Amino acid sequence: MTEKDKKRENKAESMAVRAALLVEELQRKRPLVHCITNYVTANDCANILLAIGASPIMADDPEETGEIAASASALVLNMGTPSRRKLEAMVRAGKSANEAGIPVILDPVGAGASCLRREMAAQIIREVKVDILRGNVSEISFAAGLDFCEKGVDVSEADQGRDRTEAALAAAERLGCTVAVTGSVDVVTDGSRVIRIHGGTPLMARVTGTGCMTSALSGAFAGAGKDPLTAVSAALAAMGIAGELAFEKAGHIGCGSFHMALLDAVGNLNEKIIRERAKIEER
């Protein structure tokens, strides 16, 4: 093994250890995670937060979102089912979170798919300091101002081959935040450090809400730790490991059983499992 390979291995182990320790810290602190999410996956997001050891609150009325966000440990904004009312709620909550020094996670679902979504993503990014931006390569490409091709809320065929690292770095540089681009290999960067996370199973793409759940988990980890890069890396690693464990248990049965097994797997995650199964590269 070369010296370069040894350094890379040490870095990978270091991030895996940090992620494992953060799971333990999360379960000790039980952070309150305020989610303004979409009605398709709100129940799954709440349950995944409870399973990992966090406490969810799903408040989305503009009359209370600022107040709720100020008392939370993290705020997760998800654009899956957009509306003008929800935009107002998100901006109010985001500004309140910024004032209180609470991390904000934005999941710009389908960001370029419609005029409303484009306006919504642009206004949130303009008026709220986002700490973690998590999405697929099409969504992140839109947020970074790159050429993109959106197909609903999924990655378009034209964007399938786009370099995730390039998109993540461009978004991180432009927005000044930590960016996570999820796919067959997840890429996380704060503009200088780059993390690649391997794991999961293709079956996760056949269950609605796995991306939303990952963003919710990012909020839980961010609410338990101070470093957004470690927080979102730990969340992605945890979700990938849970996907693998769920597939081993129920993948042969079908999507419904896999869905339930995924929740079970997240609920059973601990420091030991993360240390043993996390596949993380850092440069």
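Coordinate-derived values only; no laboratory data. Note that the coordinates shown come from a computational prediction; the quantities given were computed from them, not determined experimentally. All Cβ positions, glycine included, derive from the backbone under ideal geometry; neighbour counts span all protein chains shown.
Looking only at PRO202, PRO108, PRO56, which one moves most when the chain is put into a Gaussian network model with springs between Cα atoms under 10 Å?
PRO202
Toward the positive end of the charge dipole of the chain, about the Cα centre and with charges on Cβ (Lys, Arg +1; Asp, Glu -1), which of SER138, GLY251, VAL185 goes farthest?
Projecting each Cα onto the dipole axis, the largest value belongs to VAL185.
Percent relative contact order of segment 167-283, based on C-alpha pairs within less than 8 angstrom and at least six residues apart?
For segment 167-283, the relative contact order is 26 percent.
Pull up the DSSP beta bridges for the chain and report the antiparallel fraction as a percent, rounded to 5.
Close to 45 percent.
Go through LYS29/LYS272; LYS86/LYS129; LYS249/LYS272; LYS86/LYS226 and tell me which ones have a Cα-Cα distance over 22 Å in this structure.
Those over the limit are LYS86/LYS226.
Roughly how many debye, to the nearest 20, is the charge dipole of the chain about its Cα centre, given +1 on each Lys and Arg Cβ, -1 on each Asp and Glu Cβ, and no other charges?
380
Compute the normalised compactness of the chain: alpha-carbon radius of gyration over 2.2 N^0.38 Å, N being the residue count.
The reported ratio for this selection is 0.92.
Is it possible to state the helix-based mean residue ellipticity at 222 nm for the chain, with each DSSP H run of 4+ residues giving -39500 (n - 2.57), the sum divided by total residues, to the nearest 500 deg cm²/dmol? What is it?
Theoretical 222 nm ellipticity from helices: -17500 deg cm²/dmol.
Set Lys and Arg Cβ to +1 and Asp and Glu Cβ to -1, take the dipole of the chain about its Cα centre, and tell me which of GLY66, ALA113, PRO82 lies farthest positive.
The listed residue farthest towards the positive side: GLY66.
Compute the relative contact order of the chain as a whole-number percentage, counting only Cα pairs closer than 8 Å that sit 6 or more residues apart in sequence.
RCO, the chain: 23 percent.
Write out the GluC sites (Glu not before Pro) in segment 43-119 meeting two conditions: DSSP loop, and at most 10 other Cβ atoms within 10 Å of their Cβ.
Here the GluC sites (Glu not before Pro) that fit, given the DSSP loop and packing criteria, are GLU63.
Along segment 134-142, what does the Karplus equation 6.51 cos²θ - 1.76 cosθ + 1.60 (θ = phi - 60°) give for ³J(HN,Hα), rounded to whole Hz, x for Gly and Pro?
Rounded to whole hertz, the list is 10, x, 7, 5, 5, 5, 5, 4, 4.
In debye, nearest 20, what is the charge dipole magnitude of segment 30-117 about its Cα centre with +1 on Lys and Arg Cβ and -1 on Asp and Glu Cβ, if you could check?
It works out to roughly 200 debye.
Please give the peptides 121-130, 181-190 ranked by average Cβ packing (other Cβ atoms within 10 Å per residue), highest first, as a rough proxy for protection.
Per-residue mean Cβ counts within 10 Å order the peptides as 181-190, 121-130.
Report the equivalent ellipsoid semi-axes for segment 16-121 in whole Å, largest first, defined as the square roots of five times the eigenvalues of the gyration tensor built from alpha carbon atoms.
Equivalent ellipsoid semi-axes, largest first: 24, 16, 13 Å.
Taking 10 °C and 1.306 mPa s as the conditions, I'd like the Stokes-Einstein D for segment 193-283 in µm²/s, using the Kirkwood hydrodynamic radius from alpha carbon pairs.
Calculated translational D: 120 µm²/s.
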